[in-house]
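Read through the structure below, which is laid out as C-alpha cells, and then see the notes.
The values are calculated or read from the model by the stated rules, or taken from the named source; none is laboratory data. These numbers come from a predicted model, not from an experiment. Note that we place each Cβ from the backbone using ideal geometry, even for glycine, and neighbour counts take in every protein chain shown.
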Amino acid sequence: MTPTRRILLTAAALAMAASGASAQEWPKERPIQIIGGFPTGAGTDIFARLLAEPLGKALGQTIVVDNRSGAGGNIGSEFVARARPDGYTLLIGTAGTHAINASLYKSLPFDVVKDFEPVALLVDVPNVLIVNPKVLPDIKSCADLLAAARKEPGKLNYASTGNGASGHLAGAQFAQAANVDIVHVPYRGTPPAMNAMMSGEAQIMFQQSIPIMGQLKAGTFRPLGITTAARVAALPDVPPVAEACSLPGWESTTWYALFAPKGTPSEIVRRLNEEVNKILRDPEFDRKVKDMGLVPLPSSPEEFRQVQLRDIDKWRDRVRKSGAQVD
Amino acid sequence: MDLLANLALGFSVAVTPTNLLFCLVGALVGTLIGVLPGIGPLATISMLLPLTYHFEPVTALIMLAGIYYGAQYGGSTTAILVNLPGETSSVVTTLDGHQMARQGRAGAALAVAALGSFFAGSVATLFIAVASPPLAQLGLQFQAPEYFALMALGLVGAIVLASGAIDKAIGVTVLGLLLGMIGTDVNSGTERFTFRVPELSDGIGFVVIAMGLFGVADILVNLEKAELPRMTAFVGRLWPSREEFRRAAPAAVRGTLLGSLIGVLPGGSAALAAFSSYALEKKIARNPERFGRGAVEGVAGPESANNAGAQASFIPMLTLGIPANALMALMMGAMQIYGVAPSPRFIAEQPALFWGVISSMWIGNLMLLVINLPLIGLWVQMLRVPYRLLHPTILLLCCIGVYSLNSSAMEVVFMLAFGVLGYLLLKFGCEPAPLLLGFVLGPLMEENLRRALLVSRGDPWVFLHRPISAALLAGAALLLVAVILPSFRRTREQAFQEE
C-alpha cells in the first residue's frame, strides 16, 4: 500500500466517522440547500420550490433553493458532485443533466453515476407534441401531420428550447422513427420558442407540459400526442405519440429527481427518500403536480438508480442518431 | 363603457385593505432592492415566492408586480448619486444623471426620475388596460427577420449613443459584439471563446459587465485623483427648475411611448427601452453635445422608458401566456402554482384577477411617488458620505450583488476584470455605454439572422419582403446616413476654413 493511498483511506475513514456523527444530528445544524442547474423560473426551479416547502416542514429545517445555472445544468451538477456529503446539499437533477448530458457532451468534469447518490425520483415530465391550429387548421391528428410532412418534405419547422434540449431530441427521434423530413429550429429557452409557435415561424414543437397547460386549455395550441407511454391525468384526451402516430413503443420523457453527493450517509438518503415519497403521495400535492401535467414517481433509491442507468443507455443511442453534440 | 366597468372592477379588488397593504410592501421592497446594486427583482421575487403560496393569487401578484416596478424607481437612485446602476435598466441614467449630481443638481435629477417614472407608470397602466390584446398581436408580427432588423437599428443607435469620436464608438461597439460571442452558439450548440471555463459556457452576464464597466471603473478613476472633490458643496437645490421641467416633460412622454412599445415585444426589456430612449433623445436634441454632461432629457427619457417597459412586459404574459423575459417566466411559474395559468383566455376567465393587478399598478406607482419624493432629501445626504467610506461600501455591494446572481465567485472576478477594462476605456476617452449595447444586441442579431435564413431556407430577400423588417432596416440606413453626414460636413467645413 502506497503512502498516498494510506492517507486517502485514513481520510475516508475519518470522513465517514464525521459524517456518521452528523447523520444523527442531521438536519438540525443548518438549512438544507437544493441546488438547481437551470435558471430561476425554469421547470426545475418551480418544482424545487414547490417541494421545498412541505419537505422543509417534514424535516423541521428550512430548505433553500439555489440555482447555479449554465452549461445545460452541468455547473449545478458539478457543484453538488464536489459538495460535502453531509445531507445539507442536494441537487434537483433531470434526465437531461444525469442521462442525456453524459452522451451529449464530449467530456464532463464529473461522473453522472459515480459522483452521486440517487435519493428519490420525483416526477415524469412529458413533452407534448403541439401545433398551432391558426397556422395549420387542417392538421387535427398526428396522422394528418405525418401526411403533410410526407407531402412536402423539408417544409415544416419544429421549434425547440435549445440544442440538445429534450424537445429537440424528441423531435429528432420522432422524425427518424416516422421517417419524415422536418427542420429543427432552436431557440434560446421556452419564451422565444413559444412565441415562434404562436406567430407561425415554427409549426411543430415538442414542449414540456409545465408552461403550456394554460395554452392547451385555451385551445391556442392543439396537442396531437404526449411523449409518455400512457395518457396523463391532466390531459386525458391526448393520446400517447406511440398510439396517435402509429409508432409502437415510441416514448420520450424526462424526469426530475433528487441527488446527493457521493458518500452521503445512507440513513440520510433513506430518510429523505421516505419524506419525499410521502409528499408525492399527499393528495393535495399530487393534485398540484398533476395540474402541471406531471406524473409523480414515488420509488426507492435503488429503483431510481436502475431507471437512471437504463436511461443513460437509451439516450446515448438517441443522441447519436439525432447527431446533436456539444463540445 | 366596458373599460370603465373593467377598471371599476379592478379598483374594487385593488383597494381592499389586504391588497393595498401588500401593494405597499411590494413597492417598498422593490425600492430597497432597486437601490442596492446587483440584488435584482428576479432574485428577490424567487426568494419571496414560497411566502406567497398562502396568499390569494391576486394579492400575491400585486405584491410581486410591485417589487418589479418598484425596483425600476429605486435603481435610478444610486445611478444618479454614485454612478452605480442599481438595476441594469438604470445604466444609461448614470450618463447624465450622475453628471447632474456632480453639478449640484442631484435633487433635481432624482425628482425628474421619480416624476418621469410616475408619469410612465400611469400611462403604461392605462395602455395595458386599453390596448393589451391588439398590442400583444403586434408582438406576434415579429419573427426572426423583424428581430434582426430591430437589432440592426439598435446597433446603429449604439453608435449614436456615444458622445465623442465616432471611430472610438464603433471600436467599443465592436468590442461589445465580440464579448457577446462568448458562450454556446444557439444554432449549432458549439462553444465559442469559452477556453473550457464552464462559467463562460452561457456567456458573460449583462450585470457582471455593467457593474464592472460603470461601478468599479468609476471608483478606479476617482481613486487616482489625489484630492477628491467633496460633494457637500454641490448638493444644491432639491427641486428641478422651470427650465429643467420644460426640457424633461416632452422627453418623458417620448420615453413612455417608446418604453411601452418595446416592453410589449417578447425579448424586449426595461433595459432595452431605456437605451433606445436615450439614443432617441440624443438624436433629436438641438444641441446633442449637452448629453453626457448633465442633460435633464437624458434622465427623464430613459427613466420613463424603463418604467413603462417594465409594466408593458406584463402584456404578452397576461394576454398570450408568453413570458417576455426571465422575470415574467418566474411570475408565470408562480401563477401556475396558484392554479391560474396565463393563456389567451386569461382576461375572460379571470377578469377580477387581471383588472385587479392592472389597477394596483397605478396605485403602486402613486405610492412610489409619495415614498420617493420626500426621500430625495435623505438620499442626497448620501453624497456627504466621504469617499473613503463610500467606495469600499459600493465595491462590497457590487461583489455581493454579482455573487447573488449565480452564487459564482468566478463572476465576481469577471466583474473586477471589467472594472479594469472600463478604467482603460475611460483613460483612452472611450464611452463604455455602446459596448454594453453591442454586447446585448450582437448575439440576438446573429441568432435571428441565422434563424431567419434557416426558416427561409437560405433566401436573403426575406428581410426586404416582409414590410416591418424592411421598414426597420430602412430606418437603420437613414440613421446611419444621418450620423455620417454631419461628420462629413464638419470635415468639409474644416477643409474650407483651411483654404
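Within segment A:2-17, is even one residue at pLDDT below 80, of a type in the set (Gly, Ala, Ser) and over 25 Å from A:Val112 (Cα atoms)?
yes
Cβ-Cβ distance below 8 Å, separation of 6 or more or different chains: which pairs start in segment A:38-58 with a residue that is free of Cβ contacts under 8 Å to residues at least 60 places away in the same chain and more than 9 Å from chain B (Cβ to nearest Cβ) and end on one that is in a helix (DSSP H, G or I) and buried (at least 24 other Cβ atoms within 10 Å of the Cβ)?
A:Phe38/A:Thr44; A:Phe38/A:Asp45; A:Phe38/A:Gly73; A:Phe38/A:Gly76
What number of residues in segment B:285-302 are farther than 30 Å from B:Pro316 by Cα and among the β-branched types (Val, Ile, Thr)?
1
Is there a residue in segment A:197-208 that is within 14 Å of another protein chain (Cβ to nearest Cβ), among the small types (Gly, Ala, Ser) and closer than 27 Å to A:Leu104 by Cα?
Yes, because at least one residue in segment A:197-208 is within 14 Å of another protein chain (Cβ to nearest Cβ), among the small types (Gly, Ala, Ser) and closer than 27 Å to A:Leu104 by Cα.
Restricting attention to segment A:57-93, which residues are farther than 25 Å from B:Leu48 by Cβ, small (Gly, Ala, Ser) and part of a loop (DSSP other than H, G, I, E, B)?
If the condition is that a residue be farther than 25 Å from B:Leu48 by Cβ, small (Gly, Ala, Ser) and part of a loop (DSSP other than H, G, I, E, B), then A:Ala83, A:Gly87 are the ones that fit.
Tell me yes or no: at least one residue of segment A:248-268 is within 30 Å of A:Phe79 (Cα to Cα), under 21 Å from the mean Cα position of the chain (by Cα) and at the interface with another protein chain (Cβ under 10 Å from one of its Cβ atoms).
no
Within segment B:107-157, track down each residue that is among the aromatic types (Phe, Trp, Tyr) and assigned to a helix (DSSP H, G or I).
B:Phe118, B:Phe119, B:Phe127, B:Tyr147, B:Phe148
When B:Met317 is evaluated against the numbered criteria (1) in contact (Cβ under 8 Å) with a residue 60 or more places away in the chain; (2) closer than 30 Å to A:Arg287 by Cα, which criterion, by number, is the only one it fails?
Failing condition for B:Met317: (1).
For every residue, the table says whether it meets (1) closer than 14 Å to B:Thr59 by Cβ; (2) at the interface with chain A (Cβ under 8 Å from one of its Cβ atoms); (3) buried (at least 23 other Cβ atoms within 10 Å of the Cβ).
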| residue | (1), (2), (3) |
| --- | --- |
| B:Gly321 | no, yes, yes |
| B:Leu327 | no, yes, yes |
| B:Gly333 | no, yes, yes |
| B:Tyr338 | yes, no, no |
| B:Ser343 | no, yes, yes |
| B:Ala348 | no, no, no |
| B:Pro351 | no, no, no |
| B:Trp355 | no, no, yes |
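Quick one: B:Ala329 ticks every box in (1) in contact with a Gly (Cβ under 7 Å, 6 or more places away or on another chain); (2) part of a helix (DSSP H, G or I); (3) touching a residue at least 12 places away in the same chain (Cβ under 8 Å) except a single one, so which number is it?
B:Ala329 satisfies every listed condition except (3).
Of all residues in segment A:59-95, which are more than 11 Å from chain B (Cβ to nearest Cβ) and hydrophobic (A, V, I, L, M, F, W, C)?
A:Leu59, A:Val80, A:Ala81, A:Ala83, A:Leu90, A:Leu91, A:Ile92, A:Ala95 - these are the residues of segment A:59-95 that are more than 11 Å from chain B (Cβ to nearest Cβ) and hydrophobic (A, V, I, L, M, F, W, C).
Only one residue in A:Val125, A:Val112 is surrounded by fewer than 24 Cβ atoms within 10 Å (Cβ to Cβ), under 20 Å from the mean Cα position of the chain (by Cα) and among the hydrophobic types (A, V, I, L, M, F, W, C), so which one is that?
After ruling out the rest, the residue left standing is A:Val112.
Here is a list: B:Glu289, B:Glu297. Which entry is charged (D, E, K, R) and crowded, with 24+ Cβ neighbours inside 10 Å?
Every option except B:Glu297 fails the conditions.
What are the residues in segment B:283-301 that are over 16 Å from B:Ala476 (Cα atoms), basic (Lys, Arg) and touching a helix residue (DSSP H, G or I) at 6+ places or on another chain (Cβ under 8 Å), if any?
Matches in segment B:283-301: B:Arg293 only.
Only one residue in B:Ser313, B:Ser269 is out of contact with any strand residue (DSSP E or B) (no Cβ under 6 Å at 6 or more places or on another chain), within 14 Å of another protein chain (Cβ to nearest Cβ) and modelled with pLDDT under 80. Which one?
Exactly one residue qualifies, and that residue is B:Ser269.
Would you be able to tell me the number of residues in segment A:198-221 that are surrounded by 19 or more Cβ atoms within 10 Å (Cβ to Cβ) and more than 20 Å from B:Met335 (Cβ to Cβ)?
7
Please work out which residue is modelled with the lowest pLDDT, limiting yourself to segment B:200-239 and to residues that are touching a Gly at 6+ places or on another chain (Cβ under 7 Å) and within 14 Å of chain A (Cβ to nearest Cβ).
B:Val207
Out of the residues in segment A:184-195 that are of a type in the set (A, V, I, L, M, F, W, C) and within 7 Å of chain B (Cβ to nearest Cβ), which is surrounded by the fewest Cβ atoms within 10 Å (Cβ to Cβ)?
A:Val185
Can you find a residue that is hydrophobic (A, V, I, L, M, F, W, C), surrounded by 17 or more Cβ atoms within 10 Å (Cβ to Cβ) and within 14 Å of chain B (Cβ to nearest Cβ) anywhere in segment A:139-158?
yes
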